[in-house]
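All of the numbers you see were taken from the coordinates with simple rules; none came from a lab. Since we're looking at a predicted model, the values are computed, not measured. Cβ: placed from backbone, ideal geometry, glycine included. Neighbour counts: every protein chain shown.
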Amino acid sequence: MSKLIYLDNAATTPCAPQVVQRMAEILAGPGGNPSSHYSIGYEAKQIVEDARAQIAAVLGANPAEIYFTGSGTEADNWAIKGAALAGARRGKKHLITSAFEHHAVLHAMQALQRQGFEVTYLNPTPEGFIRPEDVQAALRPDTALVSVMLANNEIGTIQPVREIAQICRAQGVWCHTDAVQAVGAIPVDVNQLGVDLLSLSAHKFNGPKGVGALYCRKGIALPALLDGGGQEKRRRAGTENVAGIAGAAVALQLAAASLEEKMAHQAALCDYVIDRVLSGIPQVRLNGSRHNRLPGNANLSFAGLEGETILLDLDMQGICASTGSACNSDSLDPSHVLMALGLPEEIGHGSMRFSFGPQNTMEEAKQLCDVLEQISPRRRAMSCMWLQEENTARVYHLKGEH
Amino acid sequence: MAGMYSDKVMDHFANPRNVGQLPDADAVGEVGNPKCGDIMRMYLKIDGGVITDVKFQTFGCGAAIATSSMATTLVKGRTIDDALKLTNKAVVEALDGLPPAKVHCSVLAEQAIKAALADYYRRRGVDPEPIVGKLEEPHHDHGEGCAL
């Protein structure tokens, strides 16, 4: 097989060489516990605090507002469940989120519903945006938290979080954003956004897996979820992942230093793929608005085709991508994100996400298009959802509909 | 993905057998629904109780394509009686196994053959149910989850 073409950077990214180098140095070092009171403990503590300051600087935060976690999912769970707990103490048992959040948020919300909390799920527009006025309308006197993602992980649309946070602040409601897809991909500044809580994950920006962080604005008394030692100011117990945290800081600094260049590069590749596929292959739709989306995200639905078919064909040609649908083994249902946009189910099943990173090249983008142009007619010829004579997708009518 | 499926499944996915339509088919059956992302259509040519030709078209995942393809090879040239005895298990075995989450595709392949045979009897004015058995409603309602 020729060289692998990795177009699934929204799933995870390879570690930058500088990150690997920094982590290897630390792992090969004395390895003291940051909580220990002797030289190598202080040294480890310093590594963690330096990383905290570096990450805070990129986000425009105060270092004391950054808390390290074991993943973006943990940061999301902490923010949501912590805010719910704090709210419940004041009789506030209502939360607002969007219907197309990542499962780290949606399933945390569902867990709270089982414990007696009420959750309002806001639907996005067909273009993939949550309307701030819908947030305003959903607010209640007992609302404890609003959580709306900064960029959608499947379709890449960037949400008006700044406007949403303003509405929340005016009402004294905490505002969280899952910024896992956004940090390192677009400029993210906590003060510009005005949010109270923000989650990020290092492996999405060429950092290591297993390191996340939660920004928690000063004055937001978020209860701890993990009890134990005094780490992270007694708010997140557990010995720090020193090397991982340092690696995350290196990765974020690298991403921030070349952000504009990186964004322009990824946008050029994405634009090429979107334009060529939409013009060269019939009945393909771009999911999510063409504008206000992550520069590296192209989510395309191929009518008459099923995503896994495309995925396997691409894999046989050495191209790694992702189906738009969360292909999880518990369910065969189409992606909740695409369903929230109002797509028909069969179109939802035929969706692919191509996510570009800084290491991808125009040559790779061209190769992807070559392969898609070759696969699509061949597989459509095998599909009962493609009307062969008319060369068009069949419209599926469910029982009772005409 | 290579690790997810057997070589046999990948072979039938990459080079499906008997794919296409039969314009002069004696029977056509379709099963599945878009919610679950798998729809299979089988075309049969039947002569003197023998399936002389078979073609399929499938919208679905790799396993859906591979099980359709394998099912056609298992019934082609066989009698209707043999085809009625085709089980999803036989399809799975012929493919050297399927991941648990994909076994439902083999059920769909069995159902697709049976749906086509039911159509054959129906066209001849014979109630297919006592012969073919009860088939799942091809298009079930929205509210239901997708069976694995």
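Distances between placed amide hydrogens fall under 5 Å for residue A:174 paired with A:146, all partners being 5 or more residues away or on another chain.
Scattering from segment A:259-393 was approximated by placing one identical point on each alpha carbon and applying the Debye formula without solvent; log10 I(q)/I(0) at 0.09, 0.17 1/Å stands at -0.25, -0.91.
Calculated [222 nm] ellipticity per residue, helices only, for chain A: -13000 deg cm²/dmol; basis is -39500 (n - 2.57) per DSSP H run with n ≥ 4, divided by all residues, nearest 500. Pair-distance distribution of segment A:135-203: all C-alpha pairs, bin width 5 Å, starting at 0; shares per bin in whole percent are 4, 18, 31, 22, 14, 8, 3, 0.
Here's the list of lysines a cross-link from residue A:366 could span, going by alpha-carbon distance under 23 Å and ignoring same-chain residues fewer than 8 apart: A:3, A:262. With the convex hull constructed from alpha-carbon coordinates only, chain A shows a mean projected area of 21.6 nm² over all directions. Shown in residue order for segment A:78-84 are the 3J(HN,Hα) couplings computed by the Karplus curve 6.51 cos²θ - 1.76 cosθ + 1.60 at θ = phi - 60°: 5, 4, 6, 6, x, 5, 5 Hz (x for Gly and Pro). Short-range pairs are left out: with C-alpha atoms under 8 Å and at least six residues apart, the relative contact order of chain A is 21 percent.
Per-residue Cβ neighbour counts within 10 Å put A:42, B:43, A:272 in the sequence A:42, A:272, B:43, beginning with the fewest.
Sequentially through segment B:95-109, phi angles give Karplus couplings (6.51, -1.76, 1.60; θ = phi - 60°) of 9, 6, x, 9, x, x, 5, 10, 4, 4, 5, 5, 5, 5, 5 Hz, Gly and Pro residues having no value and appearing as x.
Taken along the Cα-to-beta-carbon direction at a fixed 7 Å, the label points for residue B:135 and residue A:361 span 5.2 nm. Peptide A:298-307 has a mean of 2 when you count, residue by residue, the C-beta atoms of other protein chains within 10 Å of its C-beta. Extension gain for the segment residue A:127 to residue A:162, taken as residue separation times 0.36 nm less the Cα-Cα distance, is 10.7 nm to one decimal.
The GNM of chain A, with springs linking C-alpha atoms under 10 angstrom apart, assigns the highest mean-square fluctuation among A:66, A:40, A:55 to A:40.
Once you've got the GNM for chain A with C-alpha springs shorter than 10 Å, pick whichever of A:266, A:159, A:359 has the biggest mean-square fluctuation. Looking only at A:266, A:159, A:359, the biggest GNM fluctuation is shown by A:359. This ranking places A:178, A:189, B:47 by how few other beta-carbon atoms lie within 10 Å of each, fewest first, which gives B:47, A:189, A:178. At q = 0.09, 0.13, 0.15 Å⁻¹, what is the base-10 log of I(q)/I(0) for segment B:7-122 according to the Debye formula with one equal point scatterer per Cα and no solvent? Please give it to two decimals. Taken in order of the listed q values, log10 I(q)/I(0) reads -0.19, -0.41, -0.54.
Kirkwood-type hydrodynamic radius, segment A:226-321: 17.3 Å, calculated from all non-identical alpha-carbon pairs. The loop-placed GluC sites (Glu not before Pro) in segment A:340-402, going by DSSP, that have at most 14 neighbouring Cβ atoms within 10 Å of their Cβ come out as A:389, A:390, A:401.
At what distance in nm do the modelled label points of residue A:24 and residue A:50 sit from each other, each positioned 7 Å from its Cα along Cα→Cβ? The answer from the label model is 1.8 nm. Amide hydrogen proximity for residue A:335: with H placed 1.01 Å from N in the peptide plane, the residues at 5 or more positions away or on another chain lying under 5 Å are A:325, A:326.
At full extension, residue A:111 and residue A:278 could sit 56.1 nm farther apart than now, given 0.36 nm per residue minus the alpha carbon distance.
Shown for A:134, B:24, B:38, A:313: other C-beta atoms within 10 Å of each C-beta, ranked fewest to most, produce the order B:24, A:134, A:313, B:38. When its C-alpha radius of gyration is set against 2.2 N^0.38 Å (N residues), segment A:270-322 gives a value of 1.16.
Once the Cα atoms are used to define both axes, helix A:242-257 deviates from the longest principal axis of chain A by about 60 degrees.
Exposed loop sites were defined as trypsin sites (Lys or Arg not before Pro) in DSSP loop states (anything but H, G, I, E or B) carrying at most 13 other C-beta atoms within 10 Å; in chain B the longest segment without such a site runs B:1-84. Computed from backbone phi with θ = phi - 60° and the Karplus coefficients 6.51, -1.76 and 1.60, the 3J(HN,Hα) list for segment A:146-163 is 10, 10, 10, 5, 7, 9, 6, 6, 9, 10, x, 5, 8, 8, x, 5, 4, 5 Hz; x is used for glycine and proline. As a calculated quantity, the FRET efficiency between residue B:14 and residue A:390 at R0 = 25 Å, using C-beta atoms, amounts to about 0.40. The helix-based estimate of mean residue ellipticity at 222 nm for chain B, built from -39,500 (n - 2.57) per DSSP H run of four or more residues and divided by its residue count, is -11500 deg cm²/dmol to the nearest 500. For residue A:5, the residues 5 or more places off, or on other chains, whose built amide H falls under 5 Å of its own are A:319, A:320.
With one equal scatterer per alpha carbon and no solvent term, the Debye-computed log10 I(q)/I(0) for segment B:29-89 at 0.12, 0.14 1/Å reads -0.29, -0.39. The lysine pair count for segment B:1-124, using Cα distances under 21 Å and pairs eight or more places apart or on different chains, is 20. Spin-label pair residue B:124-residue A:289: with each label point 7 Å from Cα along the Cα-Cβ axis, the two points sit 6.1 nm from one another.
Number of Lys-Lys pairs in segment A:17-256 with C-alpha atoms under 24 Å apart and a separation of 8 or more places or on different chains: 13. Counted by Cβ distance under 10 Å from residue A:299, the other residues give a net charge of +2, where Lys and Arg count +1 and Asp and Glu count -1.
Against chain A, whose longest principal axis comes from its Cα atoms, helix A:307-316 is set at around 90 degrees.
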